[in-house]
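S.K.: Please see the structure below; I have some questions.
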């Protein structure tokens, strides 16, 4: 602090000014107004309580006496229709799709990609929910990319996939070279789920010089518990720990095949990014859960490298723009280890996140239309220039794993 | 003030014993200090009275739970309540605007302003004359000695906004101090001329 500011600080620290005219009278008046209704309630309150209790008891007694008289002979419960619940197969099939007349000539088999349900955490976070994210935390955040495939909901385990398989046409032939006979439509739709790695960060701060205010008690901080925490931690070394949860992304993509090898794709993706932030000392701290929801549009190209029997190998590269559509924060304030207050609000920052990625894809075509694929890859997140602390900033370069089902649309080539 | 100043411990003992005059003694002893604290944040005198009234009500309601920790702790506790009430009031009434004024005097002068000899009342008036956002950040940074990080968390703004507001507050205050000096030097000069 500069000298002149230090001088202002020293002079203002003990400066006194005249109190507003009539302040004491206003305080006394406000106190007596606050006391009067309470006193009135005290005097007559107990009498009223007894009156209400007596009235309720009388009603119950009357009801108990009258009900047997009002009830007729016992009637059997109405017969319920014997309805067996029917669970319709909600899986999309080729028949369920609208017929399309692509601009360019459709060719080959149709493959319809099916996806999974949305990840946990899409609902609005509850104020008092201790696990507002519903996400794996701690060590789970640092698992390798192979592990997330188990938690992302592999398509093979989903009811959608099981139902899908029952609709598949049977393979009429035996070992047939599919690479010649398999004809693909020019349009492919894929629904996918992907996830990446989480992470942790930790920083230490020094609270500054000790002052008299650091010896205050922890009372009366309910209106501004954050101020209380800062006051209580004055002079102490505070810590800021951030645990980044694995971002989970889902969405669908549409790929248009320019030729047998190249295609361009776009689509829509949803991503959920969460983090837990701890700041303060062991006794006085703030716990914050941050949730961000992104909607993104990818744009990329894919190149089919090779095909062998039922397997396709390809490369894709894309650029994606993801707009944060909602950012929320839920905070809990603790002083001397006790919860002093909670706060939940939407954050004003809505950053636009750019990223570029490249993936190698392995696709297994279990029918002419349908296939499953896995796309391990890497992605780089550009700085969104916002103050939000996300895993995109912590780990701008990350590995990812996309899993999904794919179906190609359009007419087969004859 | 009625009678000599009492120690905090004595005041607390009187209040806890239910002494009828004890609250007034507390008010009389600390109202000027707390008014100065509050008036640094609240510029309007009517609003100042409302915030101080709420602050004192809160103090009287919760003083029974206050844990005495040495001389000065009661004063610090009360001033924190006043500060808290002032910030809550400013936020609730949306008086905390952090828009930056388009002012020519937004750069600090090369030489730091000289505050020597300037009465504390004048400095207090200058601080009250700052725009709400500038004034709040200046008070929290210079007088409460909070970091930009803490100010940003308290006010729900970015650290960069806090730093920017402080820079502009300092520039504006420096300009006021310079103007005050010039005005007083001019006045002193005229007085000297008249009496020479």
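S.K.: To the nearest whole number, what is the average tally of beta carbon atoms from other chains within 10 Å of the beta carbons of peptide B:25-35?
M.R.: So the per-residue partner count for this stretch is 3.
S.K.: Something else about it: Within 10 Å of each Cβ in B:143-154, how many Cβ atoms from other chains are there, averaged over the peptide?
M.R.: Taking all residues of B:143-154 together, the mean is 5.
S.K.: What is the order of A:262, A:4, B:77, fewest Cβ neighbours within 10 Å to most?
M.R.: A:262, A:4, B:77
S.K.: Then there is this: Under 8 Å for C-alpha pairs, at least 6 residues apart: give me the relative contact order for segment A:255-357, rounded to a whole percent.
M.R.: That works out to 25 percent.
S.K.: So how do B:37, A:56 line up by other beta-carbon neighbours within 10 Å, fewest first?
M.R.: A:56, B:37
S.K.: Let me ask something else about it. How far is the Cα center of segment A:280-313 from the Cα center of segment A:374-408, in Å?
M.R.: Cα centroid to Cα centroid, the span is 4 Å.
S.K.: With label points built 7 Å along Cα→Cβ from the Cα atoms of residue A:350 and residue A:315, find their separation and express it in nm.
M.R.: Result: 3.8 nm between the two label points.
S.K.: A further question on this structure: How many partner chain Cβ atoms sit within 10 Å of a residue's Cβ in peptide B:165-176, on average, as a whole number?
M.R.: If you average over the peptide's residues, the count of other-chain Cβ atoms is 1.
S.K.: Now for a separate question. Roughly what would the spin-label model give for residue B:61 and residue B:129, points 7 Å off Cα along C-beta, in nm?
M.R.: Roughly 3.8 nm, to one decimal.
S.K.: Once you have a ≥ b ≥ c as the square roots of the Cα gyration tensor eigenvalues for segment B:1-95, tell me rounded if a/c is under 1.5, and otherwise prolate or oblate according to whether a/b is larger than b/c.
M.R.: prolate
S.K.: What list do you get for B:56, A:397, A:333 if you sort them by fewest beta carbons within 10 Å?
M.R.: By the 10 Å Cβ count, ascending: A:397, A:333, B:56.
S.K.: Hey, with R₀ at 51 Å, roughly what FRET efficiency would residue B:20 and residue A:385 work out to, going by the Cβ-Cβ distance, to 0.05?
M.R.: 0.25
S.K.: Report the gain in length on full extension from residue A:303 to residue A:33: 0.36 nm times residue separation, minus Cα-Cα distance, nm rounded to one decimal.
M.R.: 89.3 nm
None of the figures in this text is laboratory data; all of them are computed from the coordinates on show. These numbers come from a predicted model, not from an experiment. Virtual Cβ from ideal backbone geometry, glycine too; neighbours counted across all protein chains shown.
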